[in-house]
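See below for the structure under consideration.
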Amino acid sequence: MKIEKREIKLYPEVLKTFRETSGYTIAEIAKKLKTSENKIISVEEGKSLFTLNQIKKLAEIYKRPLAAFFSDSIPELPELVDYRINREKRLTPDVYLAKRRAKYLSEKIKEISGKKNQIPSFSKGLAAEELAKEFKIKLKIEIVKSKKSDDKFLEYYKRMLEEKLTIIIMEYPLRANDVRAFSIYSDIPAVVLNESDKPSIKLFSLFHEICHIVNNNTGICSLEIEQQNQSVETYCNRFAAEFLVPSDDFKSEVSKFSQVDEEAIQQLKKIYGVSKQVIMIRLLEFGYIDKKRYETFKKRIEEKIDQKKFGKRDWDKVFLNRVGNLPLQEVKNAYNKQLITFYDASSILDLKIKYAEKFIA
């Protein structure tokens with residue numbers, strides 16, 4: 001009997017946990033392994049066994065090292081509150097993978113750097129707008145206003161928050177239209193943005209998640225920015241809006257235009273680097289436009305939160321965004337101090353050798 005066709009005894013609890021924490025159903029795994037659902041159930045109940053070939057296939061599907069399948073320990077994933085509007089919809093395997101990746105990076109960066117987050121504390125019960133103002137003051141952050149590209153706005157704020165708060169900010173291909181971002185709170189918190197979103201949407205998502213982290217109520221978010229109830233999500237939306245488009249400053253900028261026409265709206269969008277929808281909602285909130293005009297905007301030219309259609313991509317930038325600036329810098333520091341090997345560094349950052357040589361060596 002060939003070794004790869006020999007049945008291997010594993011801990012059934014580990015196999016079941018690997019499947020569940022990878023976001024797959026029994027039916028999906030049965031199809032991928034070209035076997036029956038009953039076989040999967042039987043193995044996960046300890047009544048049957050997989051062959052080594054099947055285990056290798058599962059390692060590829062779940063994106064886990066083969067050695068992990070022979071362990072008796074059950075890996076834990078952080079429990080995140082699901083704040084999505086449609087909570088009945090299944091999360092994609094990519095979201096589960098991103099959660100594992102963020103948790104792993106958080107733990108490894110703490111291990112090799114010895115650092116902890118610098119999240120400031122605030123008085124309880126603050127209104128979202130007041131929290132945004134105090135957050136800005138405590139971190140000594142100046143609002144950025146220019147007509148630079150949306151990418152530049154996002155890059156500036158990502159770097160500034162990583163450095164001041166000691167947090168990981170990474171982008172990942174979540175392949176989920178209903179997940180804009182999620183965050184994990186720990187000694188080194190992580191914010192994961194949907195790689196496929198437009199930069200202006202990522203920017204709002206980033207500060208929405210920062211609000212979650214400051215209040216230590218992190219979760220998975222779809223960000224319906226028009227919600228007007230008193231939910232946690234509404235609170236974080238108002239925090240993000242006030243931070244990125246401060247009330248007093250916004251009113252001052254609007255007053256410079258003779259009328260709030262399409263050109264004025266486009267200029268305001270460029271000044272703050274946010275989406276057109278955020279600008280329109282701020283205009284509605286402060287009475288510069290009426291509800292009818294906003295509804296017309298929604299029907300005609302609403303900037304939908306769709307996944308971006310990519311053309312030619314700058315893969316260096318893509319992989320740098322997936323790694324995050326803080327992990328890259330801390331791994332480079334550890335490598336340069338000879339605390340870890342080049343192989344360790346590339347493995348921690350999950351980089352192919354050619355990119356590891358560019359970014360690390």
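Here Asn217 meets each of (1) over 26 Å from Asp94 (Cβ atoms); (2) touching a residue at least 12 places away in the same chain (Cβ under 8 Å) with one exception, condition (1). Of all the numbered requirements in (1) open to solvent by less than 10 Å² (accessible area, probe 1.4 Å); (2) in contact with a Ser or Thr (Cβ under 8 Å, 6 or more places away or on another chain); (3) within 30 Å of Leu77 (Cα to Cα), Gly273 misses one, and that requirement is (3). Checking each residue in segment 124-134 for being open to solvent by 80 Å² or more (accessible area, probe 1.4 Å) and in contact with a helix residue (DSSP H, G or I) (Cβ under 8 Å, 6 or more places away or on another chain) picks out only Lys133. Of all the numbered requirements in (1) surrounded by fewer than 17 Cβ atoms within 10 Å (Cβ to Cβ); (2) assigned to a loop (DSSP other than H, G, I, E, B), Arg64 misses one, and that requirement is (1). Residue count for segment 131-166 under the criterion of being among the hydrophobic types (A, V, I, L, M, F, W, C), in contact (Cβ under 8 Å) with a residue 12 or more places away in the chain and assigned to a helix (DSSP H, G or I): the result is 8. Val95 meets all of the listed conditions (1) in contact (Cβ under 8 Å) with a residue 12 or more places away in the chain; (2) over 20 Å from Asn217 (Cβ atoms); (3) not aromatic (Phe, Trp, Tyr) but one, namely (2).
Number of residues in segment 13-41 that are open to solvent by less than 30 Å² (accessible area, probe 1.4 Å) and part of a helix (DSSP H, G or I): the value is 9.
The listed residues are Ile279, Ile289, Ile348, and the only one of them that is part of a loop (DSSP other than H, G, I, E, B) and either under 22 Å from the mean Cα position of the chain (by Cα) or crowded, with 17+ Cβ neighbours inside 10 Å (or both) turns out to be Ile289. Just to be sure before I move on: is Ile305 crowded, with 19+ Cβ neighbours inside 10 Å and at pLDDT below 90 in the structure I sent? So Ile305 passes the test. Candidates Ile74, Ile112, Ile137: the one that is of a type in the set (Val, Ile, Thr) and either closer than 23 Å to Asn325 by Cβ or buried (at least 17 other Cβ atoms within 10 Å of the Cβ) (or both) is Ile112.
The residue that is farthest from the chain's Cα centre (by Cα), among those in segment 243-259 that are closer than 18 Å to Tyr156 by Cβ and crowded, with 21+ Cβ neighbours inside 10 Å, is Val245. Do we have Glu262 as among the charged types (D, E, K, R) and surrounded by fewer than 20 Cβ atoms within 10 Å (Cβ to Cβ) here? It is true that Glu262 is among the charged types (D, E, K, R) and surrounded by fewer than 20 Cβ atoms within 10 Å (Cβ to Cβ).
Across segment 82-99, which residue is farthest from Leu174 (Cα to Cα) among those that are touching a Lys or Arg at 6+ places or on another chain (Cβ under 8 Å) and of a type outside the set (Val, Ile, Thr)? So, considering only residues that are touching a Lys or Arg at 6+ places or on another chain (Cβ under 8 Å) and of a type outside the set (Val, Ile, Thr), the one farthest from Leu174 (Cα to Cα) is Leu97.
Sub-7 Å Cβ pairs linking a first residue in segment 67-83 that is within 21 Å of Glu7 (Cα to Cα) and without any contact (Cβ under 8 Å) to a residue 60 or more places away in the chain to a second residue that is hydrophobic (A, V, I, L, M, F, W, C) and assigned to a loop (DSSP other than H, G, I, E, B), at least 6 apart or interchain, are Phe69/Leu10, ordered by first then second residue.
Yes or no: segment 82-98 includes at least one residue that is over 23 Å from Pro65 (Cβ atoms), assigned to a loop (DSSP other than H, G, I, E, B), among the basic types (Lys, Arg) and under 15 Å from the mean Cα position of the chain (by Cα). Within segment 82-98 (the criterion being over 23 Å from Pro65 (Cβ atoms), assigned to a loop (DSSP other than H, G, I, E, B), among the basic types (Lys, Arg) and under 15 Å from the mean Cα position of the chain (by Cα)), the answer is yes, since at least one residue qualifies.
Of the residues making up segment 316-327, at least one is modelled with pLDDT of 90 or more and open to solvent by 70 Å² or more (accessible area, probe 1.4 Å).
The values are calculated or read from the model by the stated rules, or taken from the named source; none is laboratory data. The structure displayed is predicted, hence computed values, not measured ones. Please note: Cβ atoms are built from the backbone with ideal geometry, for glycine as well, and neighbour counts cover all protein chains shown. Accessible surface areas use protein heavy atoms only, side chains included; no ligands, DNA or RNA. Shrake-Rupley method; radii C 1.70, N 1.55, O 1.52, S 1.80 Å.
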